[in-house]
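Some notes on the structure that comes next.
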Amino acid sequence: MSALSGSDGRPIIAARQLTKSFETGRRGRRQLVEAVRQISFEVSPAERIAYIGPNGAGKSTSIKMLTGILHPSAGAATVMGMVPWRQRRELTRRIGTLFGQRSQLWFELTPRETFRMLGAIYGLERSDLRSRVGQLGDLLEAEDLFDQPVRSLSLGQRMRCELAACLLHQPAVMFLDEPTIGLDLLAKQRFRELLVRLNQEQGTTIFLTSHDVADIEHVAQRAIVINHGVVIYDDDVSAMRRSLLATKLVELTLAGPTDFAGMAGVAVAEHTATTLRLVVDTAVRPVREVLDALLLDLDVTDVTVTDPPLEEVIAEIYARPRT
Amino acid sequence: MTRRWLPVAVASAARRMSRDRAALTVAFGFYAVVATVISTLWRTAANAHGGSIGGYSGAQLTWYLYFSEAAVTALNPRQIELTGDDIASGAVAVDLLRPASVLGVRVATELGRSLPRLAGCTAIGVALAVLTGGPVPAAAGLLLALPSLVLAVACNLVAQHAFAGAAFWIRDARSTWFLYQKLVFLLGAMLLPLQLLPGWLHTLAAWLPFVAMAYAPARLASGHVEAQLLALQGFWFLVLVTAAVAVFSAGERRLQVVGG
């Protein structure tokens, strides 16, 4: 089954000069703060978009406008041909939303009871609802969680049930606001895989906000970077990986003091008796090759490989020459 | 538009609440103790006052207080605060992402949660009233009191949402909610029948919606077969629903403009 819309080539999401200002401060000293400034982009059906930026960049404000729960101060937007803030009720029947920091499940109910209620809200027939819950249980490997009270689920388990809840009515577009926040590494990885599978098997458009660089690499085909309310980067993740995500941070815990002679494409960030922190330029030398060499030469007790923080990626975007 | 979710919301919440034995046990225990203490005080006062006060005998006061307490204890005592906090924190915005009335879903769910508590409190109340006050003063009054209790809870819930809606405009509206609860206790005649209030306060209270939230079912259960009380509750329910819908519509519009 396909959840595609706009198969006529039109974008499924379009934002043009979208702007949102908020008034802050007390009466007489009111200030206008622009949370989102004239952002424009288009999303094609079945695309996987990472909409990323640091805290306070304007991600959530953008997603609230695109889902219709916030009116813009200026500009225009359409989602599946509808103006979100004017046709919110109609739009909510065709989109799914998941807010990492705000649960949509009823805490006293089991997920299955919540699904029954959501099924009634979305006007699903009882038999359709039953088969849909079964499908989602298989897809999300969560069937065994559906009969436990929500309050007894771990965060990772709850997020899988949250995802099932917002997929119940087969939305064509999924808006996910920081869905991996607070999840441990394994749960994050599993959640990312589920999103990709959902997109590939059902053609659901994924619009994901995050400030976690790994979400971009593992989920998205395209990244839109927003900072201070302005879109500062919009390109394929493969291009981004080549130009901006080429570095990996490698931290080694050493058994004792040791010398490190250095190698091409690897810069030393910190070297103490027990710690060696390196910045690896994967465009010069793959991280695996670096690790192989290090494990062969040094007495290593622990290794962690991480992505650079988003702030560094954004600094890199600003540092690049404008075209 | 279909409202098929309404009974499902009520039933799901009721089913879940009825399985929460710990919460129900605490609520029932609290109700039994408080209602018994207050009704005993009033029965003693009536006996010391020649057998009746304000036209109520000791037995009638006993039935009155078990029912007025049941109508109020059926609701989560922190409900108004929880609803208000959801609005003040902007969490209510998530509710806007469902194709159903935010107010409707919330009230229906809370009504469902209240029903098992109401049923339990009523059953315990009837048993204790018979035990301490004697037989039911009028069977017809008791029969009318049962739907009246449900209407009382519904009126109270809708009014609480209307009051909690102040949080759409005021960041900290806790004082308003505190005042609301006290108004239900006093002007809703939960602690003492309306007829025992001073003349001017009695007149004022009779014109306010709080009477629909405790006084009406208690008056019926105390042997006053006054079917017009159900009509009065129906009237106030419609007024309160209109007010709550107006508050939430305006509040949601504000939320969409200024954010949460």
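Here are a few things to note about the model shown:
- Angle of helix A:126-139 to the longest C-alpha principal axis of chain A, folded into 0 to 90 degrees and rounded to 10: 0°.
- For chain B, with +1 on Lys and Arg beta carbons and -1 on Asp and Glu, the positive-most of B:ALA231, B:ALA11, B:TRP207 along the dipole: B:ALA11
- Mean-square fluctuations from a GNM of chain A, with a 10 angstrom spring cutoff on Cα atoms, peak among A:ASP128, A:ASP299, A:ASP307 at A:ASP299.
- Residue among A:PRO286, A:PRO149, A:PRO257 with the largest mean-square fluctuation in a Gaussian network model of chain A, springs linking Cα atoms under 10 Å: A:PRO257
- To the nearest ten degrees, helix B:79-89 and the longest principal axis of the Cα atoms of chain B are 20 degrees apart.
- Mean separation of Cα contacts under 8 Å, 6 or more apart, over the residue count of chain A: relative contact order %: 19 percent
- Top positive-direction residue, dipole computed over chain B with Cβ charges, set B:GLY90, B:LEU157, B:GLN60: B:GLY90
- Cα gyration tensor shape of the stretch A:1-110, rounded if a/c is under 1.5, else prolate or oblate by comparing a/b with b/c: oblate
- Over 27 Å between alpha carbons, listed pairs A:LYS20/A:LYS248; A:LYS188/A:LYS248; A:LYS20/A:LYS188: A:LYS20/A:LYS248; A:LYS20/A:LYS188
- Amide H to amide H, with H built 1.01 Å from N, A:PHE99 comes under 5 Å of A:ASP177, counting only residues 5 or more places away or on other chains.
- Cross-link reach is defined here as a Cα-Cα straight distance under 16 Å, omitting same-chain residues fewer than 8 places apart; for A:LYS64 the aspartates and glutamates meeting it are A:GLU34, A:GLU90, A:ASP177, A:GLU178, B:ASP95, B:GLU252.
- Placing +1 on each Lys and Arg Cβ and -1 on each Asp and Glu Cβ, with no other charges, gives the protein assembly as shown a dipole about its Cα centre of roughly 2420 debye.
- ³J(HN,Hα), Karplus 6.51/-1.76/1.60, whole Hz, each residue of the stretch B:152-168, x for Gly, Pro: 4, 5, 5, 4, 4, 5, 5, 5, 4, 5, 4, 5, 4, x, 4, 5, 5
- Residues whose amide H comes within less than 5 Å of that of A:ARG93, counting only those at least five positions distant or on another chain, are absent (H built at 1.01 Å from N in the peptide plane).
- J(HN,Hα) series, the stretch A:157-174, from Karplus relation 6.51 cos²θ - 1.76 cosθ + 1.60, nearest Hz, glycine and proline x: 5, 4, 5, 5, 6, 4, 4, 4, 4, 8, 9, 3, 9, 6, x, 7, 10, 10
- Average beta carbon contacts from partner chains per residue of A:78-91, 10 Å cutoff: 1
- For the stretch A:308-317, 3J(HN,Hα) per residue [Karplus equation, 6.51 cos²θ - 1.76 cosθ + 1.60, θ = phi - 60°, Hz, x = Gly/Pro]: x, x, 4, 4, 5, 5, 5, 4, 5, 4
- Residue-averaged [θ]222 nm for chain B, counting only DSSP H segments that reach four residues, each worth -39500 (n - 2.57): -24500 deg cm²/dmol
- Most mobile listed residue (B:LEU103, B:LEU201, B:LEU131) in chain B, GNM with C-alpha springs under 10 Å: B:LEU131
Bear in mind these aren't lab numbers, they're just calculated from the coordinates by the rules spelled out. Model, not experiment: these values are computed from the prediction. In this analysis, Cβ positions are derived from the backbone assuming ideal geometry, glycine residues included, and neighbour counts consider all displayed protein chains.
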